[in-house]
1. In segment 191-216, which residues are touching a Phe, Trp or Tyr at 6+ places or on another chain (Cβ under 7 Å) and at pLDDT 90 or above?
2. For segment 17-36, which positions are open to solvent by less than 60 Å² (accessible area, probe 1.4 Å), part of a helix (DSSP H, G or I) and either over 16 Å from residue 251 (Cα atoms) or touching a Cys at 6+ places or on another chain (Cβ under 7 Å) (or both)?
3. Looking at 93, 100 in this structure, which one is over 20 Å from residue 223 (Cβ atoms), charged (D, E, K, R), out of contact with any strand residue (DSSP E or B) (no Cβ under 7 Å at 6 or more places or on another chain) and touching a residue at least 60 places away in the same chain (Cβ under 8 Å)?
4. Out of curiosity, is residue 86 within 23 Å of the chain's Cα centre (by Cα) and within 23 Å of residue 191 (Cα to Cα)?
5. Can you confirm whether segment 208-215 contains a residue that is without any contact (Cβ under 8 Å) to a residue 24 or more places away in the chain, open to solvent by 70 Å² or more (accessible area, probe 1.4 Å) and assigned by TED's automatic domain parsing to the domain that holds residue 122?
6. Hey, among 167, 161, 202, which residue is touching a residue at least 12 places away in the same chain (Cβ under 8 Å) and hydroxyl-bearing (Ser, Thr, Tyr)?
7. Return the only residue of 157, 176, 153, 180 being part of a helix (DSSP H, G or I) and within 22 Å of the chain's Cα centre (by Cα).
8. If a residue has to be of a type outside the set (A, V, I, L, M), part of a helix (DSSP H, G or I) and either modelled with pLDDT of 90 or more or buried (at least 16 other Cβ atoms within 10 Å of the Cβ) (or both) to count, how many in segment 160-173 make the cut?
Amino acid sequence: MIKSIKHVLLIIYGFACLYPFLWMFGTSLKTSQDALANPQSPFPSGAFQWGTFAEVWNKLNFGRFFMNSGIVSIIVIAGVIFIYSMMGYAFAKYRFRGKKFIYYMFIALLLVPGVTILIPLYINMTNLGLANSYVGMILPMINGAAPFAIFLFTSYFRTISHELYESAVLDGCNSFRIYFRIYLPLAIPAIGTIAIMNFIGSWNNILWPMIIIDSKDLFTLPMGLMYLDSSSFKKWNELMAGAIITILPILVAFPFLQKMYVQGMTAGSVKM
């Protein structure tokens, strides 16, 4: 009986979580008049308007925005994994002066709200001539991912037996080879977790690109979506279609990487 009640409650909760996506998808299939006349209903009152997706894609050059988001997300993921996996490996396996102080300074940055550094960050990027460029958009995202990525990689590498490291040293492997050939392949769950979190963060990021980017040719999908919401007469069907296009890669990727994400988060909970 108790198990049945739990299942019913979970089903209700699951439906409550999924309803906004159902409403968004249903509204995207309505005409603009139907979306205004029946905003509460998640289902179109007439024929499904599948052409809205193609119209939105072509209307705002979503292909270009999609490519920009893809470029930014891929480079951010690659940069975060490459840089901070090496830092996590160093923190986990090497002894050097000031290691704990440096490590905890990075961890302390988790408590610093990102919006507090937007102005100095913009000034720095502008002075370096990186405003309105891919580099100016990408570098702060990689830098902002440092605290959690370092924490997770360090915690994960500490779960790997140190005897493996000592055996590799005795076999004549240098530090980079041990990292690249042994430890990095074993850190696939942590890599998957970091990749998912930074993909979602960089793909959905709108605040920093809005500040640093002026050229429409460099707009990402969330910035392009703003154009659908900027007119005085909002076409909710087009706005919802654009939103679905924007979140579709995340909805497709996460179910396939969910198991890896959970494994990485579990390993990252191990104390230093």
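1. Taking segment 191-216 and keeping what is touching a Phe, Trp or Tyr at 6+ places or on another chain (Cβ under 7 Å), we get 192-193, 196, 211-213.
Passing the criteria: 211, 212, 213.
2. Of everything in segment 17-36, those that are open to solvent by less than 60 Å² (accessible area, probe 1.4 Å), part of a helix (DSSP H, G or I) and either over 16 Å from residue 251 (Cα atoms) or touching a Cys at 6+ places or on another chain (Cβ under 7 Å) (or both) turn out to be 26, 27, 28, 32, 34, 35.
3. Details: 100 fails: touching a residue at least 60 places away in the same chain (Cβ under 8 Å).
Result of the check over 93, 100: 93.
4. Numbers: within 23 Å of the chain's Cα centre (by Cα): yes; within 23 Å of residue 191 (Cα to Cα): yes.
Yes: the conditions hold for residue 86.
5. Yes, segment 208-215 contains at least one residue that is without any contact (Cβ under 8 Å) to a residue 24 or more places away in the chain, open to solvent by 70 Å² or more (accessible area, probe 1.4 Å) and assigned by TED's automatic domain parsing to the domain that holds residue 122.
6. Values: 167 fails: touching a residue at least 12 places away in the same chain (Cβ under 8 Å); 161 fails: touching a residue at least 12 places away in the same chain (Cβ under 8 Å).
On inspection, the qualifying residue turns out to be 202.
7. Working: 157 fails: within 22 Å of the chain's Cα centre (by Cα); 176 fails: within 22 Å of the chain's Cα centre (by Cα); 180 fails: within 22 Å of the chain's Cα centre (by Cα).
Answer to the check: 153.
8. So in segment 160-173, the residues of a type outside the set (A, V, I, L, M) come out as 161-163, 165-167, 171-173.
Then keep just the ones that are part of a helix (DSSP H, G or I); that gives 162-163, 165-167.
Add one more test, that the residue is either modelled with pLDDT of 90 or more or buried (at least 16 other Cβ atoms within 10 Å of the Cβ) (or both), and what stays is 165.
Of the residues in segment 160-173, 1 are of a type outside the set (A, V, I, L, M), part of a helix (DSSP H, G or I) and either modelled with pLDDT of 90 or more or buried (at least 16 other Cβ atoms within 10 Å of the Cβ) (or both).
The values are calculated or read from the model by the stated rules, or taken from the named source; none is laboratory data. Bear in mind that the values here come from a model prediction, so they are computed numbers and not experimental data. Reconstructed Cβ throughout: ideal geometry from the backbone, glycine too, with neighbour counts over all protein chains shown. Accessible surface areas use protein heavy atoms only, side chains included; no ligands, DNA or RNA. Shrake-Rupley method; radii C 1.70, N 1.55, O 1.52, S 1.80 Å.
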